[in-house]
Number of protein chains: 4
Amino acid sequence: MSTFAKPVSGVSPSHRTGTSGSVPSTMRALVKHHAGVGLQFVNDRAVPVPGPRDVLIRVLKAGICGTDRHIWEWDAWAAGRIPVGIVTGHEFVGIIEKVGTAVTRCTVGQRVSAEGHITAGVDFNSRTGNAHIASDTRILGIDRDGIFAEYVTVPEENVWPLHDKIPDKVAAVMDPLGNAVHTVMAAGVSAKSVLITGTGIIGLMAVTVAKAAGAGRIFTTDMDARRRELSKKLGAAEAFDPRSNDWIADVRKSCRGEGVDVLLEMSGSPAAYDQGFSALRNGGVAALLGIPAKPPTFNITQHVVFKGATVLGINGRKMFETWYQMEELLISGKLELDEIITHEFPLEEFEKAHATMISGEGIKVVMSIADR
Amino acid sequence: MSTFAKPVSGVSPSHRTGTSGSVPSTMRALVKHHAGVGLQFVNDRAVPVPGPRDVLIRVLKAGICGTDRHIWEWDAWAAGRIPVGIVTGHEFVGIIEKVGTAVTRCTVGQRVSAEGHITAGVDFNSRTGNAHIASDTRILGIDRDGIFAEYVTVPEENVWPLHDKIPDKVAAVMDPLGNAVHTVMAAGVSAKSVLITGTGIIGLMAVTVAKAAGAGRIFTTDMDARRRELSKKLGAAEAFDPRSNDWIADVRKSCRGEGVDVLLEMSGSPAAYDQGFSALRNGGVAALLGIPAKPPTFNITQHVVFKGATVLGINGRKMFETWYQMEELLISGKLELDEIITHEFPLEEFEKAHATMISGEGIKVVMSIADR
Amino acid sequence: MSTFAKPVSGVSPSHRTGTSGSVPSTMRALVKHHAGVGLQFVNDRAVPVPGPRDVLIRVLKAGICGTDRHIWEWDAWAAGRIPVGIVTGHEFVGIIEKVGTAVTRCTVGQRVSAEGHITAGVDFNSRTGNAHIASDTRILGIDRDGIFAEYVTVPEENVWPLHDKIPDKVAAVMDPLGNAVHTVMAAGVSAKSVLITGTGIIGLMAVTVAKAAGAGRIFTTDMDARRRELSKKLGAAEAFDPRSNDWIADVRKSCRGEGVDVLLEMSGSPAAYDQGFSALRNGGVAALLGIPAKPPTFNITQHVVFKGATVLGINGRKMFETWYQMEELLISGKLELDEIITHEFPLEEFEKAHATMISGEGIKVVMSIADR
Amino acid sequence: MSTFAKPVSGVSPSHRTGTSGSVPSTMRALVKHHAGVGLQFVNDRAVPVPGPRDVLIRVLKAGICGTDRHIWEWDAWAAGRIPVGIVTGHEFVGIIEKVGTAVTRCTVGQRVSAEGHITAGVDFNSRTGNAHIASDTRILGIDRDGIFAEYVTVPEENVWPLHDKIPDKVAAVMDPLGNAVHTVMAAGVSAKSVLITGTGIIGLMAVTVAKAAGAGRIFTTDMDARRRELSKKLGAAEAFDPRSNDWIADVRKSCRGEGVDVLLEMSGSPAAYDQGFSALRNGGVAALLGIPAKPPTFNITQHVVFKGATVLGINGRKMFETWYQMEELLISGKLELDEIITHEFPLEEFEKAHATMISGEGIKVVMSIADR
């Protein structure tokens, strides 16, 4: 100990170990009921009981993630990972209804979201501010019961108390927004030219986030004309069809003939890898969020070694630096999410909600589960 | 040598060692003619002759810097530094008229600005991308003839070719804009709350730069109500009179009770030092550009050591990372400089130009010296 | 959620919520029994009872810190901070004897040390890997009962399980060693020239740490000839008496005439501040651990602003990055601590132990409280 | 301009534009005389004439690089890159014999090495301290005449004046040593566990550099038993045969079951890529220097994205940060190069020199060309 500083402020979070009122014993929920397509709506799922360090949250709204599509469609990944019988879903906003006996950081009544990556807190990354890449992560709605339900329990360490200025609809999608913010902030876009390959949900979020976070010119690619238009509306200087001729040369030319400073790869397409790195200048930074379906044959020598490039693998969101960054961006009014969160359905219309998302008609689709 | 990569592009800058036309032998200029107040307008100053590695630039427009005020008023600093007889001024835009015999990087006819910090290129900082803090820097218009004149010579390494999209008026003030950009970028403001103490010329530029570079909420302080208004127009969430009560508590409160992420100190006032650091959260970053008139008694233990703060001394602009950042911010249309560059006068009205700047009536005042 | 990765390894820390055996109800301890000089030895202090998230640790060995000297001597700082009646001390090694009902990360029987900075875990720094500078930190042995006793309780988040290769004597002083490691690592010394002003306990530790962490030449200053000799033994290229002539010029000369890359200020002396910064090159990094008795008049303009220096306030140790770094340095055998940990006394000889430390006869003095 | 600081020291490098004595008109040299195996010794090569910004250096000693082996063997890469007729070689030490008319930074008589990457100085990387990855690099002995000759010319910006403490034999190989230093320093090894896959010349240098630069435990792999032994002698904790069983699990186990902090890939082998990344912990840093013969099929999703890894492409050496780092490491006596620089031959025995290097009998082989 070398310092004598008194605590600047004696924050002493109070809490109540009771509940806010009556919690029912059963609830409505979407269950991955069989090893096949779809989810099942039930109204008699047992309400979970929080452990001593957990909180019980009443879910208000939930976002449907690209991952939920995989679970719905029961592809190879889902079949290999998801335990049949769990409640799925992991993007949400809710109200704390009950706290465990050893809870000290949360209070009944708080409006919250939560980080879905749950770790034991004992490995290197968990203990150094990088729990998002802990080696023992278990994820809400993937490895254990999630939030397509009226109630969910999470460890109090995972809870994120929400700023009053953030509306429920936005709070419900802070998980994927956090992916975009983490990608953008990890790469560092301030006063830099940026190429975003792939403008799916997170790619589109990355456009408004990159603009808010200080990017200079933003270039995007997508095969879908509507998403290209939307990315321009959100701040892209130009949006290219990746199949068009010469767009890489055009991007390079507009960046002193050298290429963009930053690549945010959000498609997982091997072709986008090649195109994106071809458009990147020597010494540039590439942040990789997209997930190729199978290992690509990647010219790492040309694209990374000779270029002196920096490549960042992006997984989840920083716990909790990314959440603080999101909060600052949201409360300063710099993000445009209205055109990204396109649809909202009641939980009971979950089939329509999933169909709207899967068809591409909707971008981010939210389900409302309860009122405040 | 470990790599086999072929050059990606064979940039081979051509140049002409002639001139673009007739360069006269004498010129109009403002000279620091005596050890006292003011400058003298002359029309028979000898046009400088570029050395083998220099270029001769015909000056179009020039900005008046706060430093030029010190030189005009001949305060203690100026009396101790400025050689009587030199041409002053260092912010400018111009056209290359002639290149020295060994010049390889510049071409006659290029529209350029230039970095005013001239170094021998042999010390650690000069050889590692930090020439702006070289130990042997000599500055245009301070240690040698500057740019309040029709012509100036600078080493070709110092020349900055201008992007077509940047208008002359803005190009003329890239030197102080670069101070603001360097301060903002060194601190790192992306998705962070920022306090700027002091909104003089560079402080105001820092407001628009911080906003463009991705700051969340920006708070400013200034004793001048007009500048507070202008800082809000440029993007500040709030602008405080530093003499008002409780503003520090208000700022801290709006930042989770912890304080702002970033402090940009641009006033040089010891009181602002104390206030700014009091408003800074633990672990925050403070970038110091302002220059106290005399060494302040600074509670470095409380403000820096206990807080675990990072303090960055800011001097000049990075050569040339800052210039690239400015270019990207300018050509992406993110900076609002129209209300900062308030006045323009012909060179002959230099007394009025200086008076307008010194009185505070004008903010950034530009003198036009020649047409394109 | 954007990623599909399965946990690489399913670490599932087991624990027992019982005890390892019989824990007595009272214990030996050193108590700050009155508002004056000294400590009182008692043998009937109640053994603390761990809360649901706490562990009870049986203390084996404890280090005496410079802070403990302030508490012993009851200076102004101690009188203003320390609650009379507490058990003091915060550097230690011990064995977990009991775990609280909600503990999941610790196991009875583990040999551990612990981070003495206890936070509520709710502010920005606590949630982003920087709990060492949390705004609500309470410190073992300063704000609450410490470890000069047979037993202590700490929250399980603060526990550091010890690598088998680290002997008890060293484990007992990982707290101050962590100060040195945090300072050295924050500054970054790899392949750099380093000046350490002040070689008290932590300064001497910083010499061996800096050498191990990759510093090039290390220069030190101290008024005490014996410590200068020891610093050379530990790896310093030269050790100067700060009162001698020309040593700053000598250091600068040996560093290309420009100055050292890194300053580690460990004395808290205003003169050392001036000397250290005078020896630092432009663009250098200064890490400040020493604590001036009162705010110094610091020429921040010359020493920080013009130099473009980076100044880092150092407080505590990173939780827990510093501890991982320490472990790696210790188990790779790179640190020489034998000549720094000079004395060991049984707890009952606490007066002799403190006197040995206060007189300067000993450097780091350890008290043995129990056997394994 | 915002700062008033006077230059701290007025370094004013003098120079002589004459020569140190008589320079002959022809010289001994090794020429790539035909599109096939081998080099030709000639003794009537014209001595090059420095341009206005160049210096003429009399070569004392030269190192043989792995690249020179490719040129000797005339493989596909060499056939596609090397202009027949050039003098090859790029690692060297020499004395400046003559300076061009516009040279300001160098002096006749200086003992120097030089950076072999020559750029026009106009692109982003050249102007921001990263000329080593400039888009227009031309390399000594590859794209233009090199240093297997009595004389060579290089631009003065490329010259590195040598510290007196660095012997000629070491100075001759600062180019490849710089590759190792750049790799190690880019990754950052201080207090970290490090795996080096592949201990060829640069890999072995990386072992001693990593140890000197502050690495904790160093693990290496190589198929050659002699190199494994040598890497242990130079500081590796363990050296594995990459074909042995379980070595990856052993490395992970010894690193908390999580993996090493840092991977330095120096083999270019696709298998080593897979092994190295498998041994790397989540959130680890991989620096890639080795060059795969063809694009590998790389599981970037598992190895980079999910792990949240940072991957750094390494090319050349930073100009000139790496050279300063090398100097500090060398003059502080921390590098062990005696067992790496195994052989020295006179230029005339170039065939034996190349054979010794190609056979693997020698590690780093140096040719002596002239005496001081």
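The values are calculated or read from the model by the stated rules, or taken from the named source; none is laboratory data. Here the structure is a predicted model, which is why all the values come from computation and not from measurement. Methodologically, a virtual Cβ is constructed for each residue, glycine included, from the backbone with ideal geometry; neighbour enumeration extends over all protein chains shown. These accessible areas exclude ligands, DNA and RNA; they are computed on the full protein's heavy atoms, side chains included. Shrake-Rupley method; radii C 1.70, N 1.55, O 1.52, S 1.80 Å.
Which lysines have a Cα less than 18 Å from the Cα of residue C:294, not counting those fewer than 8 places away in the same chain? The reachable lysines, counting only those whose Cα sits under 18 Å from residue C:294, are A:6, B:307. At 1.4 Å probe size, with no ligands or nucleic acids counted, give the accessible surface of residue B:61 in Å², nearest ten. Its heavy atoms expose roughly 40 Å² to the probe. Against chain D, whose longest principal axis comes from its Cα atoms, helix D:174-187 is set at around 40 degrees. Averaged over its residues, the range A:184-227 has an accessible area of 20 Å² per residue, based on protein heavy atoms and a 1.4 Å probe.
Chain B and chain D together bury an accessible surface of about 4600 square angstrom, both sides counted, with a 1.4 Å probe and no ligands or nucleic acids included.
Nonpolar atom fraction for the range A:90-161, defined as the carbon and sulfur part of the 1.4 Å probe accessible area, stands at 47 percent. By the rule of a C-alpha distance below 17 Å, with chain neighbours fewer than 8 residues away ignored, the aspartates and glutamates paired with residue A:352 are A:68, A:73, A:344, A:361. Our summary gives the range B:222-372 a relative contact order of 14 percent, counting only alpha carbon pairs under 8 angstrom and 6 or more residues apart.
Look at the alpha carbon pairs under 8 Å that are at least 6 residues apart: their mean separation over the length of chain C gives a relative contact order of 16 percent.
Take each residue in B:64-72, count the other chain C-beta atoms within 10 Å of its C-beta, and the mean is 1.
As a ratio to 2.2 N^0.38 Å, the alpha-carbon radius of gyration computed for the protein assembly as shown takes the value 0.92.
As a rough guide to protection, the peptides A:193-199, D:110-116, B:77-83, B:157-163 ranked by mean Cβ packing within 10 Å, highest first, stand as A:193-199, D:110-116, B:157-163, B:77-83. Surface exposure of the range D:112-156, expressed per residue as accessible area with a 1.4 Å probe, stands at 17 Å².
Restricting attention to chain A, close to 55% of DSSP beta bridges with both partner residues there are antiparallel. The separation of the range B:223-276 from the range C:318-353, counted between C-alpha centres, amounts to 44 Å. Only protein heavy atoms count here; on that basis, with a 1.4 Å probe, residue B:303 has an accessible area of about 10 Å².
Over the range C:23-121, the Kirkwood radius and the radius of gyration, each from Cα atoms, give a ratio Rg/Rh of 0.99. The Cα-based radius of gyration and maximum Cα-Cα distance (Dmax) for the range C:177-313 are 13.1, 36 Å. Peptide D:136-147 has a mean shielding of 3, counted as Cβ atoms of other protein chains within 10 Å of each residue's Cβ.
Within the range C:56-77, find all residues whose amide N lies under 15 Å from a label point positioned 7 Å from the Cα of residue C:358 along Cα-to-beta-carbon. Only C:64-77 pass the distance filter.
Take residue A:226, move 7 Å from Cα toward the beta carbon, and the resulting point lies 5.3, 6.8, 8.1 nm from the same point in each other copy, nearest first.
Each Cα pair under 8 Å and six or more residues apart adds its separation to the average, and for the range B:160-288 the resulting relative contact order is 25 percent.
Within straight-line reach of residue A:165, meaning a Cα separation under 18 Å, sit the following lysines at least 8 residues removed in sequence or on another chain: A:61, A:334, B:192, B:253. Here, P(r) means the percent of Cα pairs in each 10 Å bin from 0 to the largest distance; for chain B it is 5, 23, 31, 24, 12, 4, 0.
Across peptide C:277-285, the mean count of Cβ atoms from other chains lying within 10 Å of each residue's own Cβ comes to 4. Rounding to the nearest 10 and keeping the result within 0 to 90°, find how far the Cα-based axis of helix A:201-212 lies from the longest principal axis of chain A. Roughly 80 degrees between the two axes. Helix D:350-359: angle to the longest alpha-carbon principal axis of chain D, degrees 0 to 90, nearest 10? Between the helix axis and the principal axis of chain D, the angle is about 10 degrees.
Highest mean first, the peptides A:306-315, B:340-349 sorted by other C-beta atoms within 10 Å per residue fall in the order A:306-315, B:340-349. With a Förster radius of 56 Å, plug the Cβ-Cβ distance of residue D:297 and residue A:101 into 1/(1 + (r/R0)^6) and report the FRET value to the nearest 0.05. The calculated FRET efficiency here is 0.60. Expressed as a whole percent, the accessible area of the range C:211-292 that falls on carbon and sulfur atoms is 48 (1.4 Å probe). Legend: calculated FRET efficiency, residue B:254 to residue A:371, from the Cβ-Cβ distance at R0 = 45 Å, rounded to 0.05, equals 0.95.
Ranked from shortest, the separations from the 7 Å Cα-to-Cβ label point of residue A:295 to its equivalents in the other copies are 1.6, 6.1, 6.1 nm. Summed over the residues of the range C:288-344 and divided among them, the accessible surface reaches 31 Å² per residue at a probe radius of 1.4 Å.
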